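Asks: Before anything else, here's the structure in question.
The values are calculated or read from the model by the stated rules, or taken from the named source; none is laboratory data. The structure displayed is predicted, hence computed values, not measured ones. Here the Cβ positions follow ideal geometry from the backbone for every residue, glycine too, while neighbour counts run over all protein chains shown. Ligands, DNA and RNA are stripped out before the accessible areas are found, and what is left, the full protein with its side chains, is counted by its heavy atoms. Shrake-Rupley method; radii C 1.70, N 1.55, O 1.52, S 1.80 Å.
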Amino acid sequence: MNYEMQFRRQLEELRREGNYRVFADLERKAGAFPRATHNKGDSSRSITVWCSNDYLGMGQHPLVLDAMHQALDRCGAGAGGTRNIAGTNHYHLLLERELADLHGKEAALLFTSGYVSNWASLSTLASRLPGCIVLSDSHNHASMIEGIRHSRAETRIFAHNDVEDLARKLNGIDPERPKLVAFESVYSMDGDIAPVAEICDVAEMYGAMTYLDEVHAVGMYGPRGAGVAERDGVMAEIDIIEGTLGKAFGVMGGYIAADAVICDAIRSYADGFIFTTSIPPALAAGAVASIRYLKEHDEIRVKHQERAASLKARLIKAGLPVMPSVCHIVPVLVGDAVHCKLISDILLEDHGIYVQPINYPTVPRGTERLRITPSPYHEDALIDALAEALVDVWQRLDLPFNNRAMAAE
């Protein structure tokens, strides 16, 4: 068998479908967010980034950078290995204490990424509870799905954000069986938010544990930035809160926050924690600085929500097919993978605007989209430039507007 040819054929199929992933060569400009340098061949130029998950620009905040420099000078580059082999760096402990305080929990546990924290935590929780059945939202992230699969626990999928469907499924389970309800707060591709309080009420009624993924909400919602559960006043009702340091907090890593015994059980049994090298001390120090800052500065969240609302209004006025969104994420429907990639290419090459196409399998076929993420630093001029560029591309490719008359103005 020609193994190389097998892979070549599969890659060619991705290209034909428009789903082949191309990564833009970018250099973020510290102190100039959301500007970046786009390198292509021997040339480079300045562009504007409109799809970063560094939602608040904290990855370039002076306090974060200063904390990382200090930790780098004190501890060096790496952590030296896994925590059980190389020991726990003091910055890891400081970060876990900060995270536990953020979410009002007894303890927190640090992982190398949000993907790993979901995969390791869910697989361990469900596998260590004999007979556990997991109830998973149909739109849950791949990391949650993989963690649940790895646990080999029985799984039932409930309709997206459908509390009644969840209740029906819980009602059909033996009351004595352990049950775990796993869901997200902000669903990052559609921009919708779960009814967290209602899901908690149903889970409590049927004696189920709750596991809430807040990766797209931590730093962004609530008076101290603990997420949607804090905003809605139900953090105490959630058994395990999972989050990331790689989005609003601007660095890298994932975590869970829960009762001390739950964190200890996952620390003791999760392969994804035990056998993975710890994040560098400098990253942990940067995360501590970022979390502390965002706990005290709600005004940056207020500004961010205002920017997201302004962008939505501007794109809707231009007649662009903005999908409904109740959060800071602004999805624009394209509906075709080839067009979605082409739009992204034209925006970058002709307008100096970077928006990554979102195609299958990240979203279902036929719902391909641009996923735009404004920040507090995307001012009116940048919003106008994006809207004008999108109208230009839509007209060039003869794509449907919601209101052609307005788009032509």
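Asks: Once the Cα atoms of helix 114-128 and of the chain are each reduced to a long axis, what angle between those two axes, in degrees from 0 to 90 to the nearest 10, is obtained?
Replies: 30
Asks: Now for a different question. Just from its helices, what would the mean residue ellipticity at 222 nm be for the chain, if runs of 4 or more DSSP H residues each count -39500 (n - 2.57) and the sum is divided by every residue, rounded to the nearest 500 deg cm²/dmol?
Replies: Details: 16 runs with 181 residues, N = 409.
Rounded to the nearest 500, it is -13500 deg cm²/dmol.
Asks: How much length, in nm to one decimal, is gained on full extension between Asp350 and Glu379, taken as 0.36 nm per residue of separation minus their Cα-Cα distance?
Replies: Details: separation 29, 0.36 × 29 = 10.44 nm, distance 2.06 nm.
Here the segment from Asp350 to Glu379 would lengthen by 8.4 nm.
Asks: Still on this structure: Please give the FRET efficiency for Ser310 paired with Leu63, using the beta carbon to beta carbon distance and R0 = 30 Å, rounded to the nearest 0.05. If you can, show how the numbers build up before the last one.
Replies: Numbers: r = 27 Å, r/R0 = 0.89.
Result of the calculation: an efficiency of 0.65.
Asks: Something else: For the chain, modelled as a Gaussian network with Cα springs under 10 Å, which listed residue fluctuates most, Leu386, Leu125, Leu72?
Replies: With Cα springs under 10 Å in the chain, the top fluctuation among Leu386, Leu125, Leu72 is at Leu72.
Asks: In the Gaussian network model of the chain, springs joining C-alpha atoms below 10 Å, which of Asn359, Asn53, Asn89 carries the largest mean-square fluctuation?
Replies: Asn89
Asks: Against the longest principal axis of the chain, how steep is helix 62-75, in degrees 0 to 90 to the nearest 10, with axes from Cα atoms?
Replies: That works out to roughly 50 degrees.
Asks: Along each of its three principal axes, how wide is the spread of alpha-carbon positions in segment 213-335, in whole angstrom units, largest first?
Replies: 54, 36, 32
Asks: With a 10 Å cut-off between alpha carbons and a GNM built on the chain, which of Ala153, Ala289, Ala217 moves the most?
Replies: Per the Cα network of the chain with a 10 Å cutoff, Ala153 tops the list.
Asks: Accessible area of the chain with a 1.4 Å probe: how many percent of it is carbon plus sulfur? Please list the in-between numbers first.
Replies: Working: 9610 of 18230 Å².
After summing per-atom areas, the C and S share lands at 53 percent.
Asks: Considering only C-alpha atoms, what is the centroid distance from segment 177-234 to segment 93-121, in Å?
Replies: 16
Asks: Per Stokes-Einstein, at 20 °C and 1.002 mPa s, what whole-number D in µm² s⁻¹ belongs to segment 158-255, with the Kirkwood radius over Cα pairs as the hydrodynamic radius? Could you put the intermediate results ahead of the total?
Replies: Details: Rh = 13.9 Å.
Diffusion coefficient, whole number: 155 µm²/s.
Asks: Give the separation of the Cα centroids, segment 11-80 to segment 279-348, in Å.
Replies: 15
Asks: Something else now. With N residues in the chain, what two-decimal value do you get for its Cα radius of gyration over 2.2 N^0.38 Å? Display every interim value, and only then the final one.
Replies: Numbers: Rg = 22.0 Å, N = 409, 2.2 N^0.38 = 21.6 Å.
Here the answer is 1.02, to two decimals.
Asks: Going down the list Lys247/Lys295; Lys105/Lys169; Lys29/Lys317; Lys247/Lys341; Lys40/Lys303, which pairs span over 26 Å between their C-alpha atoms? Working shown, then result.
Replies: Numbers: Lys247/Lys295 15 Å; Lys105/Lys169 29 Å; Lys29/Lys317 31 Å; Lys247/Lys341 24 Å; Lys40/Lys303 34 Å.
Violating the 26 Å limit, Cα to Cα: Lys105/Lys169; Lys29/Lys317; Lys40/Lys303.
Asks: Probe of 1.4 angstrom, ligands and nucleic acids ignored: what's the accessible area per residue over segment 123-264, in square angstrom?
Replies: 37
Asks: How big is segment 2-133 by Rg and Dmax over its Cα atoms, in Å?
Replies: 21.2, 59
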